[in-house]
Amino acid sequence: MACLALAPVAVAQDGDGAASAAQNADMDEPSTEEQAPKPAPPPETRDQAAKAASPTAPAAATEAAPLEDYALEHRNDFVRPAPSSTLEWHGGLEADGGYASYTFERDARPQGFYDTRGRFVVGPTVQYDFGENKAWFVRARGELVAWMREYGSYQINADDVYGQFGVKGKWDIKVGRFRTWRVYHKGYGFDLYTLEDRGACRISTAVTGSCSLETGGGAFGPYTYEVNHLYDREPAGRAALHVYPTKWSGIELATGIGNNGANNTLAGRGAAMIHFEFLRVSAAAEYRTSKPAQEKAYTDPTTSQLVACPNCGVSRSYGVGGSVEVTVKPVAVALNAAQSHERQYTATNGTLDQDATNKRTSLGGYVELDAGSLIMDRSLIAGFGMNRTEVVDDITNFEQHYQSAAYLLYPLGFNAASVKLVFSQATLDIQSAKGAGIAETLPLGTMRAVRLRLTYPF
C-alpha cells in the first residue's frame, strides 16, 4: 500500500504573547493596545490564501514530503498545525551558606552546624493569547527542582505544575500544583527551607538526636501560622478561581482535593487583597479536613467485637489571618496576625487527641529602610522582622516561640538577582502540664544563625 505524507506547515511565533507570558501568573493586566482594522483582501486573494493555509491541502504529487514520527499516530492527511503559542523559561537559583547553633539552659549539650543548602528551579511556561486585543489566554507551566543539599538520595522533584486560562486582569481558573496567595508577609528575613525559618530546637530532639532540617519539622518549635493549611504545594491536587474586580484588588477562591499518602484531603481557602504603591492589605480564611483512605475499625474492649471507627485518624483545622503593609519611601512597615484551631483524633479508637488539639496564634511584622536610595542610585535594604507563635492544647500545654531576624539585601541590578546577609535568633519556651494545675517548665532553647544568600531568578 502506498503511503502519502504531507509537508509540515512552517512554524509561526506569536510576538504579542511573549510579553504577556512574562507577567505575573495571577495578576496579569489586560492589553490596552488597540488593533488597527485591516482592509479586506479581494475575493481571489482570499481564496489563494485559504488554499495555502489549509492544514489538509495535499502535497504536490511530484514532490511528496517525508513521513515524520508524529504523523504515524494520526489520521490520514493530517498536518500538524503551526504553533501560535509563546514559550518562556522560568525559575532561578537560591544558594545559602551559613552557620547555626542551638543551646539550652540545661539537660542538653549545645549543637552547631555549618549549613550549605539551596535549590535550582527551571521549567517552561507556554502561553497562547487570543480574542479581542488578545485579552484571553491559556497558560501551562511545569517546573523541576534540584536541591543543592543531597541527603540520603538525589532530591529532584516538582514545584509548579499547572494549567490556567481566563481573561487577563479580569478572571482566571488555575488547576494543578501551585501555591495559593500569601497573606502573612514576613519580610526578607525568613526564607522557606532555611534553619531560621524553623527556629529553635526542642530539648527532646537535642537529647536524642540532631537539630537539622532533615530531622523533620517536629524537631523545632511551633511553626508560624500564616493561614497556610492550604498554602504550600503538596501531593493533593488544587484548583483556584481568581477574580480582579479592579486593577488594585484581587480575590482567590481555592480548593484542595486529593490523596497525601494514606489520607484523603479536602480543603477550601478564600483570600482577598488590595494593593497600591503605598499600601497592601491582605486577608484569608481556610478550612481543611483529612481522613484515612481506608475505613478504620477497632476491637471493642468490652464486647471484643470489631467496631467501625469513622473518626480514627481524622483531623480538622480552620483559621483566619492577614497583614497590613505600608510603604512611605524609603521606609516600609508591616503587621501580621493569624489564628488557627486544629482538632485531631487518635488512629487507634477515634477519641480526641488532646495533645494534638490546640489553638495556634501568630503575631509578627517587619520594618525596612532602603538606605541605598538615600546615598546612591541603587537600593540597599536594611530590615528587622519578628514573629511570636503561641500554642495551647486541650490539656493546657503551652509553647511560646519567638523568631527574629535582621538583614541586609543588595540588589545586583539584573533579573531581580540579589545578595542578602541574615542574622537570626529564636527562643522556645515550653510549659508542660502535669495535671492538678501543676506545670513543668522545660529548659529554654535558643537558636542563633548567620546566613549569606545569593538569589538569581530568571
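Values in this text are rule-based calculations from the coordinates and carry no lab data. Every value quoted in this text rests on a predicted model; they were computed, and no experiment measured them. FYI the Cβ positions are ideal-geometry reconstructions off the backbone, even for glycines, and counts take in every protein chain you see.
Key figures for this structure:
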| quantity | calculated |
| --- | --- |
| Q431-R316 FRET efficiency (beta carbon distance; Förster radius 25 Å; 0.05 resolution) | 0.45 |
| Dimensions in Å of segment 91-457 - Rg and Dmax from alpha carbons | 22.5, 80 |
| K186 long-range amide H proximity, modeled H, under 5 Å | none |
| Extension gain, N259 back to Y410 (0.36 nm per residue minus Cα-Cα distance, nm) | 50.2 nm |
| Efficiency of FRET from Cβ geometry, L87 and K247, R₀ 25 Å, rounded to 0.05 | 0.35 |
| Cα centre as origin, Lys/Arg/Asp/Glu Cβ charges: segment 280-431 dipole, Debye | 420 debye |
| Residue-span extension gain [V161 to H341] - 0.36 nm each, minus C-alpha spacing | 61.8 nm |
| Mean separation of Cα contacts under 8 Å, 6 or more apart, over the residue count of segment 91-457: relative contact order % | 16 percent |
| Label-point gap, in nm, between L352 and M148 - each point 7 angstrom along Cα→Cβ | 4.6 nm |
| Listed pairs K247/K329; K134/K186; K359/K420 exceeding 32 Å between Cα atoms | K134/K186; K359/K420 |
| V324 versus T208: modelled label distance in nm, points set 7 Å from Cα along the beta carbon direction | 4.5 nm |
| Difference of contour (0.36 nm per residue) and Cα-Cα distance, T303 to Y193 | 34.7 nm |
| Dipole axis of segment 91-457 (+1 Lys, Arg; -1 Asp, Glu on Cβ), positive-most option in G123, F178, Y188 | G123 |
